[in-house]
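To start, the structure under review is shown below, and the notes come after it.
The values are calculated or read from the model by the stated rules, or taken from the named source; none is laboratory data. What you are looking at is a predicted structure, and each value in this text was computed from that prediction instead of being measured. Here the Cβ positions follow ideal geometry from the backbone for every residue, glycine too, while neighbour counts run over all protein chains shown.
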Amino acid sequence: MQTEVRTVCRACGHGGCGVYVAVEDGKPVKIKPDWDHPVSKGYTCKKAHGYLELQEHPDRLLYPMQRVGERGEGKWRRLSWDEALTTVADKLNEIKRESGAESVVFGHGTGRDFHRFVYRVANLYGSPNVLTPGHMCYLPRIAICKVMGMDIPLCDYDNKPKCVIAWGSNHLISNPDENKGINLAHTLRDGARLIVIDPRGSKLANKADLWLQLRPATDSALAMGMMHVIVKEDLYDHDFVEKYTTGFDKLKERLERFPPEVVERITWVPKEKIIAAARLYATTRPAALQWGVGIEQNINCVDADRALIYLVALTGNLDVPGGNVIFGLPPGLPRARFALFHELPEEQKQKLLGGDQYKLGASINRITPHVVWDAIESGDPYRVRAMVLFASNQLAARENADRVYEALKNVEFLVATDIFKTATTELADIVLPAATWLENDNIADYWKVHGYVFPRRKVVDAPGEAWPDHIILNELGKKLGFEDRFWDTYEESLDFILEPAGVTWDEFKDMPYLQTEPEFRKHEKYGFNSESGKLDFYLRQYEDWGYDPLPDFVEPPESPAREEAFVSRYPTVLITGHRIFNFFGSELRQSHYLRKGHPDPLIELHPELAQAKDIENGDWVWVETPRGRVKLRAKLSDGIDPRVASAEFGWWFPEKGAPDYGWRESNVNVLTMDGPPLDPGMGATNLKGLMCNIEKV
Ligand SMILES: Nc1nc2c(c(=O)[nH]1)N[C@H]1C(S)=C(S)[C@@H](COP(=O)(O)OP(=O)(O)OC[C@H]3O[C@@H](n4cnc5c(=O)[nH]c(N)nc54)[C@H](O)[C@@H]3O)O[C@H]1N2
Ligand SMILES: Nc1nc2c(c(=O)[nH]1)N[C@H]1C(S)=C(S)[C@@H](COP(=O)(O)OP(=O)(O)OC[C@H]3O[C@@H](n4cnc5c(=O)[nH]c(N)nc54)[C@H](O)[C@@H]3O)O[C@H]1N2
Ligand SMILES: [Mo]
């Protein structure tokens with residue numbers, strides 16, 4: 001007999017689509033879209049089906065394991081949960097006694113429901129250090145918005161934008177955290193104009209009224225160029241600027257550096273297109289700006305972020321229906337209730353790794369990876385002795401992978417929690433098996449979107465002894481000695497999360513969702529949460545930290561502007577990591593169904609570049625940067641500039657087996673850099689806009 005469970009697919013970790021999962025004999029057998037889900041509106045994708053296939057995959061981690069041989073040798077012994085968590089807690093407490101709690105770095109990957117508990121455990125234990133991919137994914141936007149006195153403004157597709165700019169965002173494929181491609185698709189179907197700002201062609205770029213094919217990592221210059229036009233042609237919102245901003249004159253002065261001719265030289269976008277895009281965006285209201293990580297993974301990250309916010313504000317699109325709206329937090333999720341950074345003694349807070357260097361990151365208690373690897377290698381400013389990772393295949397998804405490998409191999413004690421065996425779990429001392437989104441109840445937190453929370457209902461039991469991360473963390477917290485800050489039962493912990501919303505899990509699980517109703521033009525009522533009470537174009541806080549108070553553009557550390565010897569050795573601009581429809585991060589490569597549709601790692605090349613190198617469509621090619629070389633398959637495309645190539649990220653080969661899983665062969669993070677020069681405030685790394693050489697294998 002089949003039953004059906006209504007839940008939220010988290011194959012994308014965060015965001016997620018409403019689904020019904022059919023269950024037969026305790027197994028999930030079919031996924032159907034939920035047409036009443038207010039964000040996904042009947043959309044789902046292949047990745048959800050991938051999870052059905054992988055439910056009983058032989059590479060699933062089923063039991064807690066302890067390494068018995070050398071690191072990476074692949075010899076393990078099974079532990080009970082009690083034994084595993086006691087071993088971890090005893091080791092962490094020993095390290096704390098000997099070296100201080102800061103010597104343990106906790107870590108997680110892309111946004112997931114249980115993260116709130118990672119911070120809770122880390123901070124109660126006494127460590128300020130939680131390593132995430134946030135330094136180059138979303139957190140720069142969130143952090144700089146906070147400096148400006150607001151939360152992050154997001155596209156309000158529900159109120160019919162008449163124009164959309166997709167800026168470094170391949171929304172129809174990536175369906176990122178804050179919204180779903182379906183809502184952009186509906187907006188376009190209803191006749192909205194579209195500007196795409198992306199070095200690569202895509203289905204979305206094909207639909208655009210204007211496609212600005214810029215040179216990677218030059219977004220801040222382009223945004224400044226568009227503002228230059230908008231100000232010069234008097235297309236900006238005078239009322240907003242006069243009433244709600246400060247520093248406009250200083251911004252205007254800075255914009256003088258960015259006339260269209262100059263911006264054309266920097267960005268490779270013809271000045272006519274820059275002017276046309278500025279005019280279209282500024283004169284079609286309301287207009288929404290959809291931003292993706294395309295803008296954030298380079299040295300100009302925060303400058304691009306703030307320049308885009310200024311574009312939104314100047315054109316009168318901030319917090320208006322159909323523009324970029326600052327949605328309220330969902331009911332019941334003030335994060336401070338979980339992350340207990342504020343409870344850390346001042347002295348511990350000060351030990352945040354890289355805190356004196358990347359001050360914007362430090363302002364939201366986040367760190368960039370190289371400071372952790374530095375501390376493992378050199379003991380500076382103190383030795384990091386242990387890492388406790390949750391849901392993060394660091395070898396695949398962290399920049400400069402060879403360095404990550406060395407650090408993980410050399411750290412004294414490594415704990416990895418995952419659903420599957422990976423090359424990263426193979427390096428661990430203790431591996432903890434996690435349950436998938438199908439296998440546990442939780443609160444699907446769309447905190448970046450529209451203030452929604454959805455009940456994510458458990459569909460089936462986890463195989464073996466896999467536990468939800470939420471429980472693993474709850475029990476680890478108790479073993480570490482914080483019994484009074486964790487819960488006896490799973491349900492009680494969910495009740496605690498929901499408490500401010502005034503419902504229990506038992507009540508919530510039968511509700512469709514809870515939402516904080518959006519409120520528009522809040523600045524008119526409350527101003528901005530900055531010292532001036534206004535939106536500052538000139539950021540004094542940034543100046544005080546020793547950074548440029550106004551947005552600017554600097555050449556990436558590896559770029560066509562480098563010296564002749566470098567550029568002739570590495571002549572092609574390299575993007576690493578445009579999103580793939582069939583996979584999420586480094587996940588799902590185990591699925592036959594998904595691999596059939598996308599078997600190999602690809603790099604997009606223009607036919608002209610390919611011809612010069614005697615490369616044909618489908619050939620394997622070496623891609624090399626000063627860090628190393630990896631192998632991908634050429635996909636020829638007219639949609640990319642002959643001077644640029646764009647490679648997929650997250651590739652490894654589960655089918656090649658333990659302990660190595662072919663993690664290095666086609667891993668573009670072997671090519672990327674983790675060290676300075678990085679974005680000065682946030683430590684965002686250069687994953688886009690590097691230089692490489694490409695040769696046929
Ligand atoms: N070169 C390059 N590098 C990039 C990017 C890029 O564009 N280019 N993108 C960056 C971005 S934006 C991000 S967010 C990061 C992503 O960084 P990560 O999230 O660290 O990426 P993954 O390698 O996909 O690791 C996720 C792991 O979590 C496991 N997993 C999935 N669900 C669960 C769960 O519920 N519990 C547990 N315990 N494990 C689970 C998966 O099996 C997988 O091994 O990568 C970054 N790295
Ligand atoms: N299917 C699938 N969906 C995903 C993910 C996945 O791995 N697979 N990952 C999730 C995660 S963690 C994130 S953060 C989001 C990211 O979602 P998106 O932000 O959409 O991410 P990308 O596809 O990496 O980059 C978007 C676009 O930026 C372009 N781009 C590259 N370099 C530049 C540049 O310098 N400037 C500009 N303007 N554009 C540039 C790329 O060509 C690409 O088309 O997606 C999430 N959704
Ligand atoms: Mo991300």
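Structural remarks
- Count of region 670-697 residues which are on the phi < 0 side of the Ramachandran plot and not in a loop (DSSP other than H, G, I, E, B): 9
- The lone exception for A634 - which of (1) farther than 27 Å from V371 by Cβ; (2) within 16 Å of ligand 1 (Cβ to nearest atom) it fails: (2)
- N617 vs. criteria more than 15 Å from ligand 1 (Cβ to nearest atom), polar (S, T, N, Q), in contact (Cβ under 8 Å) with a residue 12 or more places away in the chain and not assigned by TED's automatic domain parsing to the domain that holds Y405: yes
- Between F566, F528, the distinction of being crowded, with 18+ Cβ neighbours inside 10 Å and not polar (S, T, N, Q) belongs to F528 only.
- Members of region 115-155 that are of a type outside the set (S, T, N, Q), within 16 Å of ligand 2 (Cβ to nearest atom), under 23 Å from T417 (Cβ atoms) and part of a loop (DSSP other than H, G, I, E, B): P133, C137, Y138
- Of the strands (runs of 3 or more DSSP E) contained entirely in region 1-91, those carrying at least 2 residues that are over 20 Å from N393 (Cα atoms) fall at 2-8, 18-24, 27-33, 76-78.
- Test: M224 is buried (at least 21 other Cβ atoms within 10 Å of the Cβ), at pLDDT 95 or above, among the aliphatic types (A, V, I, L, M) and within 16 Å of ligand 1 (Cβ to nearest atom): no
- Within region 429-474, the set of residues being in a loop (DSSP other than H, G, I, E, B) and within 24 Å of the chain's Cα centre (by Cα) comprises A435, T436, N440, D441, W447, K448, V449, H450, G451, P468.
- Check on A339, within 20 Å of the chain's Cα centre (by Cα), assigned by TED's automatic domain parsing to the domain that holds L124 and not in a helix (DSSP H, G or I): yes
- Of all residues in region 625-648, those that are out of contact with any Lys or Arg (no Cβ under 9 Å at 6 or more places or on another chain) and in contact (Cβ under 8 Å) with a residue 60 or more places away in the chain total 5.
- When residues of region 482-519 are limited to those that are within 16 Å of P153 (Cα to Cα) and surrounded by fewer than 17 Cβ atoms within 10 Å (Cβ to Cβ), the one modelled with the lowest pLDDT: E517
- If you go through region 565-581 and keep only what is within 20 Å of W622 (Cβ to Cβ) and not in a helix (DSSP H, G or I), you end up with Y570, P571, T572, V573, L574, I575, T576, G577, H578.
- Some residue of region 283-304 being more than 30 Å from the chain's Cα centre (by Cα) and charged (D, E, K, R): no
- Looking across region 363-399 at every residue that is over 17 Å from G111 (Cα atoms) and in contact with a Phe, Trp or Tyr (Cβ under 9 Å, 6 or more places away or on another chain), the one that is nearest to ligand 1 (Cβ to nearest atom) is identified as L395.
- Within region 615-625, one or more residues are buried (at least 18 other Cβ atoms within 10 Å of the Cβ) and among the polar types (S, T, N, Q).
- Any chance G328 is on the phi > 0 side of the Ramachandran plot and either modelled with pLDDT under 95 or more than 16 Å from ligand 2 (Cβ to nearest atom) (or both): no
- Residues located in region 194-235, provided they are of a type in the set (K, R) and under 22 Å from V293 (Cα atoms): R200, K203, K207, R215
- Scope region 605-634; condition over 11 Å from V697 (Cβ atoms), in contact with a Leu (Cβ under 8 Å, 6 or more places away or on another chain) and not hydrophobic (A, V, I, L, M, F, W, C); matching residues: H606, P607, E616, N617, E624, T625, R627, G628
- Of the residues making up region 331-351, not one is among the small types (G, A, S), surrounded by fewer than 18 Cβ atoms within 10 Å (Cβ to Cβ) and either touching a Leu at 6+ places or on another chain (Cβ under 9 Å) or modelled with pLDDT of 90 or more (or both).
- Enumeration of residues in region 195-210 that are surrounded by fewer than 22 Cβ atoms within 10 Å (Cβ to Cβ) and of a type outside the set (D, E, K, R): G201, S202, A205, N206, A208, L210
- Filter result for R562 (basic (K, R) and part of a loop (DSSP other than H, G, I, E, B)): yes
- Residue in region 616-625 that is more than 25 Å from the chain's Cα centre (by Cα), β-branched (V, I, T), modelled with pLDDT of 95 or more and more than 29 Å from R60 (Cα to Cα) present: yes
- Qualifying residue in region 295-302 (condition: within 16 Å of ligand 1 (Cβ to nearest atom), surrounded by 19 or more Cβ atoms within 10 Å (Cβ to Cβ) and within 24 Å of K534 (Cβ to Cβ)): yes
- Residue match in region 399-411 (condition: touching a helix residue (DSSP H, G or I) at 6+ places or on another chain (Cβ under 6 Å), part of a loop (DSSP other than H, G, I, E, B) and either among the aromatic types (F, W, Y) or touching a residue at least 40 places away in the same chain (Cβ under 8 Å) (or both)): yes
- Residue in region 276-288 that is within 29 Å of V573 (Cα to Cα), within 16 Å of ligand 3 (Cβ to nearest atom) and either in contact (Cβ under 8 Å) with a residue 24 or more places away in the chain or not in a loop (DSSP other than H, G, I, E, B) (or both) present: no
- Any chance A466 is at pLDDT below 95 and either in contact with a Phe, Trp or Tyr (Cβ under 6 Å, 6 or more places away or on another chain) or over 30 Å from N159 (Cα atoms) (or both): no
For every residue, the table says whether it meets (1) within 28 Å of the chain's Cα centre (by Cα); (2) farther than 30 Å from F106 by Cα.
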position	(1), (2)
L476	yes, no
D484	no, no
D488	no, no
L494	yes, no
P500	yes, no
D510	no, yes
E555	yes, yes
S559	yes, yes
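- Residue within region 146-167 that is in contact (Cβ under 8 Å) with a residue 60 or more places away in the chain, more than 13 Å from ligand 1 (Cβ to nearest atom) and under 13 Å from the mean Cα position of the chain (by Cα) present: no
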